[in-house]
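**Q** Just passing along the structure, written as structure tokens.
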Amino acid sequence: MTGLSGVASIAAAGMTALTTRSNRSVLDQAAEATRAALTAAGLQPSDVDGIVSYSIYDDSVWSESVGTAIGAGDLSYVMDFGQGGQSACHMVAHAAMAVSAGMANTVVVFRALNGKSGKLIGRMTPPSASSEYRYSLGYTAYPQYIAMWTRRYMIETGATEADLGAVAVAARRWAQLNDRAQFRDPLTLEDYFESPYVAAPFRVLDCTREMDGAAAVIVTSTERARDLRLKPAVIAGAAWASHGFDLDMGGRLNDDTSRNFSSYLADRLWKQSGVGPQDVDHAQLYDCFTGALLQNVEGLGLAERGAAGALFASGATSPGGTLPINTNGGLLSEGYLHGMNTVAEAVWQMQGLGGERQVVDAEVGVVCSGGSSSGSAMVLTSDR
């Protein structure tokens, strides 16, 4: 293991309820999630000396504002990163680097937004470098972009719409064990095929659902985390990749859109972590759309190229399976909190707090954030 591996850990996670109309400010929700994480760790707001977050299109609040709202101590490290769902693991890595470098001791990483009742990420069409070429054709919404990535993936690998449906069905099986999940009704493959298209090959059930809410985690040194209330979720490795050049959300100049960021960071991630895909006993992977999850599973080496759909269809990723994936129901069924709820679920699994959906003897978990050309990932391990 190299670099920051093992130096820092996630001490605790906290979340608000997820709703379609919170009737609350984003700041209030961010503060609630942060306080919940601090309480779980046995820490006080005054212990916080670093805050990190990310937002897109001005849909959240500044890190320093959250520090004020919770009554944090003097802040020695602050970052507000201007990116979207690819950022969750990347921000945890920045917090770990700050701790490792001695710039802060207790760093909050949060994401908060009124994603349903406020600014709707999936429908935003701000002016951009390529907008004049795309918007006049009606090519404006996020599902359209990722649908084209998924179509290319299907052409190259032979994956089918039934493979996409298997992902949606597996997510719902986990969601039925999660009181926080917004979509818990039983779902069959037949139900999936009755769902109308949004942007082919995506149907309604291939798409995540925007939500109001917040999630936060607390990053500190592994040595210090051992003295807190919960088992440390040790950050064994982290990586980021931008493959190709992004003019904006729709300007992906990639040489192979049948693969996403996960294919390009996997080797670095596993090398730094000192473990491999074969060691993973649970995976919490970004699933803004079903096709993105298939690419993430294969890119990280959890399935062979073109085999992820069969993995989901086999039941291996579902409750009782050999490789649990997205044990909270994922973004598809728990709700879209821009990837931070995916991180929170990974932490709870490592700490044995998964309740009915707890993975037995969780020792190694992999988490990723992102669905197209850029994104991040990390590996969490038990404290050995």
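**Q** Identify, from the list G355, G370, G335, G291, the residue that is under 30 Å from T20 (Cβ atoms) and open to solvent by 10 Å² or more (accessible area, probe 1.4 Å).
**A** On the way: G370 fails: open to solvent by 10 Å² or more (accessible area, probe 1.4 Å); G335 fails: open to solvent by 10 Å² or more (accessible area, probe 1.4 Å); G291 fails: open to solvent by 10 Å² or more (accessible area, probe 1.4 Å).
So the residue among G355, G370, G335, G291 that is under 30 Å from T20 (Cβ atoms) and open to solvent by 10 Å² or more (accessible area, probe 1.4 Å) is G355.
**Q** When residues of region 46-59 are filtered for being out of contact with any strand residue (DSSP E or B) (no Cβ under 7 Å at 6 or more places or on another chain), closer than 18 Å to A36 by Cβ and not in a helix (DSSP H, G or I), how many remain?
**A** Residues that pass the stated criteria total 0.
**Q** If you don't mind, there's one more thing I want to ask. Consider region 117-141. How many of its residues are at pLDDT 85 or above and either exposed (fewer than 14 other Cβ atoms within 10 Å of the Cβ) or among the acidic types (D, E) (or both)? Quick ask: steps written out before the conclusion?
**A** Pass one, region 117-141, residues at pLDDT 85 or above: 117-118.
Right, trim to either exposed (fewer than 14 other Cβ atoms within 10 Å of the Cβ) or among the acidic types (D, E) (or both) and you get none.
Number of matching residues: 0.
**Q** Which of the strands (runs of 3 or more DSSP E) contained wholly in region 163-259 include at least 3 residues that are open to solvent by less than 50 Å² (accessible area, probe 1.4 Å), among the aliphatic types (A, V, I, L, M) and out of contact with any Pro (no Cβ under 9 Å at 6 or more places or on another chain)?
**A** On the way: elements: 197-199, 212-221, 233-242.
Because the criterion is at least 3 residues that are open to solvent by less than 50 Å² (accessible area, probe 1.4 Å), among the aliphatic types (A, V, I, L, M) and out of contact with any Pro (no Cβ under 9 Å at 6 or more places or on another chain), the strands (runs of 3 or more DSSP E) in region 163-259 that meet it are 212-221, 233-242.
**Q** Within region 155-211, track down each residue that is over 18 Å from N341 (Cα atoms) and charged (D, E, K, R).
**A** Within region 155-211, E156, E161, D163, D185, E190, D191, E194, R203, D206 qualify.
**Q** Looking only at region 6-42, how many residues end up being over 20 Å from the mean Cα position of the chain (by Cα) and under 19 Å from H90 (Cα atoms)?
**A** Summing the residues that are over 20 Å from the mean Cα position of the chain (by Cα) and under 19 Å from H90 (Cα atoms) in region 6-42 gives 2.
**Q** Anything in region 142-162 that is assigned to a helix (DSSP H, G or I) and open to solvent by 30 Å² or more (accessible area, probe 1.4 Å)? List them, or say none. It would help to see each step written out before you state the result.
**A** From region 142-162, those assigned to a helix (DSSP H, G or I) are 142-157, 161-162; that's our starting set.
Those that are assigned to a helix (DSSP H, G or I) and open to solvent by 30 Å² or more (accessible area, probe 1.4 Å): Y142, Q144, M148, R151, R152, I155, E156, T157, E161, A162.
**Q** For the condition closer than 28 Å to Y197 by Cα and either free of Cβ contacts under 8 Å to residues at least 40 places away in the same chain or among the basic types (K, R) (or both), what is the one hit in L293, L331, L285, L311?
**A** Details: L293 fails: either free of Cβ contacts under 8 Å to residues at least 40 places away in the same chain or among the basic types (K, R) (or both); L331 fails: either free of Cβ contacts under 8 Å to residues at least 40 places away in the same chain or among the basic types (K, R) (or both); L285 fails: either free of Cβ contacts under 8 Å to residues at least 40 places away in the same chain or among the basic types (K, R) (or both).
Answer to the check: L311.
**Q** Does region 260-276 contain at least one residue that is surrounded by fewer than 24 Cβ atoms within 10 Å (Cβ to Cβ), modelled with pLDDT of 95 or more and among the β-branched types (V, I, T)?
**A** Checked region 260-276: at least one residue is surrounded by fewer than 24 Cβ atoms within 10 Å (Cβ to Cβ), modelled with pLDDT of 95 or more and among the β-branched types (V, I, T).
**Q** Here is a check on your reading of the model: is V99 farther than 23 Å from V234 by Cβ, touching a strand residue (DSSP E or B) at 6+ places or on another chain (Cβ under 6 Å), β-branched (V, I, T) and not in a loop (DSSP other than H, G, I, E, B)?
**A** Values: farther than 23 Å from V234 by Cβ: no; touching a strand residue (DSSP E or B) at 6+ places or on another chain (Cβ under 6 Å): yes; β-branched (V, I, T): yes; not in a loop (DSSP other than H, G, I, E, B): yes.
Considered against the rule, which asks whether it is farther than 23 Å from V234 by Cβ, touching a strand residue (DSSP E or B) at 6+ places or on another chain (Cβ under 6 Å), β-branched (V, I, T) and not in a loop (DSSP other than H, G, I, E, B), V99 comes out as no.
**Q** Which one of these does H243 not meet: (1) at pLDDT 95 or above; (2) of a type outside the set (D, E, K, R); (3) over 24 Å from L18 (Cα atoms)?
**A** Single failed check for H243: (1).
**Q** Any residue at all in region 60-80 that's part of a helix (DSSP H, G or I), of a type outside the set (A, V, I, L, M) and within 20 Å of the chain's Cα centre (by Cα)? Give the derivation first.
**A** Start the filter on region 60-80 by keeping residues that are part of a helix (DSSP H, G or I), which leaves 63-70.
Next, only the ones that are of a type outside the set (A, V, I, L, M) stay: 63-65, 67-68.
Narrowing further to those that are within 20 Å of the chain's Cα centre (by Cα): 63.
Scanning region 60-80 turns up at least one residue that is part of a helix (DSSP H, G or I), of a type outside the set (A, V, I, L, M) and within 20 Å of the chain's Cα centre (by Cα).
**Q** Being buried (at least 24 other Cβ atoms within 10 Å of the Cβ) and not β-branched (V, I, T): is that true of A316 here?
**A** no
**Q** I'd like the residue in region 1-33 that is outside any helix (DSSP H, G or I) and of a type in the set (D, E, K, R) and, out of all such residues, is nearest to A72 (Cα to Cα). If you could, list the steps in order and put the result at the bottom.
**A** If we filter region 1-33 for residues that are outside any helix (DSSP H, G or I), which is where we start, we get 1-25.
Subsequent filtering for residues that are of a type in the set (D, E, K, R) retains 21, 24.
Details: R21: 28, R24: 21 Å.
Applying the filter and picking the extreme gives R24.
**Q** Go over the candidates A17, A12 one by one and state the one that is under 26 Å from G352 (Cβ atoms), open to solvent by 10 Å² or more (accessible area, probe 1.4 Å) and not β-branched (V, I, T).
**A** One residue alone meets the criteria, A17.
**Q** T222 is checked against (1) touching a residue at least 12 places away in the same chain (Cβ under 8 Å); (2) farther than 26 Å from A13 by Cβ and fails just one. What number does that condition carry?
**A** (2)
**Q** Hey, another quick one. May I ask you to list the residues in region 78-93 that are within 13 Å of V109 (Cα to Cα), crowded, with 20+ Cβ neighbours inside 10 Å and not aliphatic (A, V, I, L, M)?
**A** Just the residues of region 78-93 that are within 13 Å of V109 (Cα to Cα), to begin with: 78-81, 87-93.
Going one step further and asking which of them are crowded, with 20+ Cβ neighbours inside 10 Å, we end up with 87-93.
Listed by number, the residues that qualify are S87, C89, H90.
**Q** In region 39-71, how many residues are farther than 22 Å from R226 by Cα and open to solvent by less than 30 Å² (accessible area, probe 1.4 Å)? Show your work before the answer.
**A** Looking only at region 39-71, we keep the residues that are farther than 22 Å from R226 by Cα, and these are 52-71.
Remaining after also requiring open to solvent by less than 30 Å² (accessible area, probe 1.4 Å): 52-54, 59-60, 63, 66-67, 70.
So the answer is 9.
The values are calculated or read from the model by the stated rules, or taken from the named source; none is laboratory data. Everything numeric here is computed off the predicted structure, so don't read it as measured data. Cβ sites come from the backbone with ideal geometry, for glycine too, and all protein chains shown count toward neighbours. In case anyone asks, the SASA skips ligands and DNA or RNA and just uses the protein heavy atoms, side chains included. Shrake-Rupley method; radii C 1.70, N 1.55, O 1.52, S 1.80 Å.
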